[in-house]
1. GNM, the chain, Cα, under 10 Å: largest mean-square fluctuation among GLY85, GLY50, GLY176?
2. Counting heavy atoms of the protein chains only and a 1.4 Å probe, report the per residue accessible area for the chain as a whole number of Å².
3. For the range 117-200, run through the trypsin sites (Lys or Arg not before Pro) and keep only the ones in DSSP coil with at most 10 other Cβ atoms within 10 Å of their Cβ.
4. Under 10 Å, Cα contacts only: if you run a Gaussian network model on the chain, which one of LEU33, LEU169, LEU63 comes out with the highest mean-square fluctuation?
5. If you line up the long axis of helix 107-123 against the longest principal axis of the chain, both from Cα atoms, how many degrees apart are they, to the nearest 10?
6. Rounded to the nearest 500, what is the 222 nm mean residue ellipticity of the chain from helices alone, with -39500 (n - 2.57) per DSSP H run of 4+ residues and division by all residues?
7. With an 8 Å Cα cut-off and a minimum separation of 6 or more residues, compute the relative contact order for the range 105-213 in percent.
8. Whole Å is fine, so just give me how far the alpha carbon centre of the range 90-168 lies from that of the range 25-50.
Amino acid sequence: MAKGESVPKKVDHEARRREIAEAVLRLAAADGLESVSLRQVAAEAGISMGAVQHYFRTKDDMLGFALEHLARRREDRITARLSAGGAVPTVRELVRVSALEVLPTDEPSRADYLAGIAFFIRALREPRTAGLLTEGAPKLYDFFAGQLLRAQAAGELAEGADPYREVVLLWSMVDGQSSALLLGECSAEDAVATIEYHLDRLFLPVEAPVTMG
């Protein structure tokens, strides 16, 4: 390299793809996906449209990656909250934190929920998006049903509870409370209290350890 020439800047391609995904999600949360174009995404991300096309061959590829990024972003927040205490979380705490993180009670969770609605609306008319959404639901239910089965085996669930049905009820409740929050039908405190009420009925109280004095 000749003297005085600058070293070419190394581009982190995965980071750039995430930046584009973040731009898609901001647009989706603000205005939905129906009118989102590659040009708008490029402007939102602060890069050229050619750069967007370099990382994603089609709009569908870009939206599919953005949907995956949305799920990873939420999982990262859940993991951070569960790790904050230092101790291994109980099944109840895992379920509680996961449910409450989905509720649109602050700006990050509200933006994620609105972006999710935008993808849902697109899925009603676009089979590929519908496939991405529907393939994720069974995995979600199976994971949490497995956690409840573990709690049930440890004697931590209310008698007669059906782990799979309880998972369906929980996420139906989360969706219902989220919609009510967005429409102003309930407060964040009320929505959280409703989830807590359900979990208090599902999980048996943990007895405090007996201390010898």
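1. GLY85
2. 60 Å²
3. Passing sites in the range 117-200 are ARG125.
4. LEU169
5. On a 0 to 90 degree scale, this one is about 70.
6. Working: 9 runs with 152 residues, N = 213.
Result for the chain, helices only: -24000 deg cm²/dmol.
7. Averaging sequence separation for qualifying contacts and normalising by length gives 23 percent for the range 105-213.
8. Taking the Cα centre of the range 25-50 as reference, the centre of the range 90-168 is 28 Å away.
The values are calculated or read from the model by the stated rules, or taken from the named source; none is laboratory data. On a predicted model such as this, the values are computed, not experimentally measured, just so you know. Counting neighbours? That spans all protein chains shown, and the Cβs are built from the backbone with ideal geometry, glycine included. Surface accessibility is based on the protein's heavy atoms, side chains included, excluding ligands, DNA and RNA. Shrake-Rupley method; radii C 1.70, N 1.55, O 1.52, S 1.80 Å.
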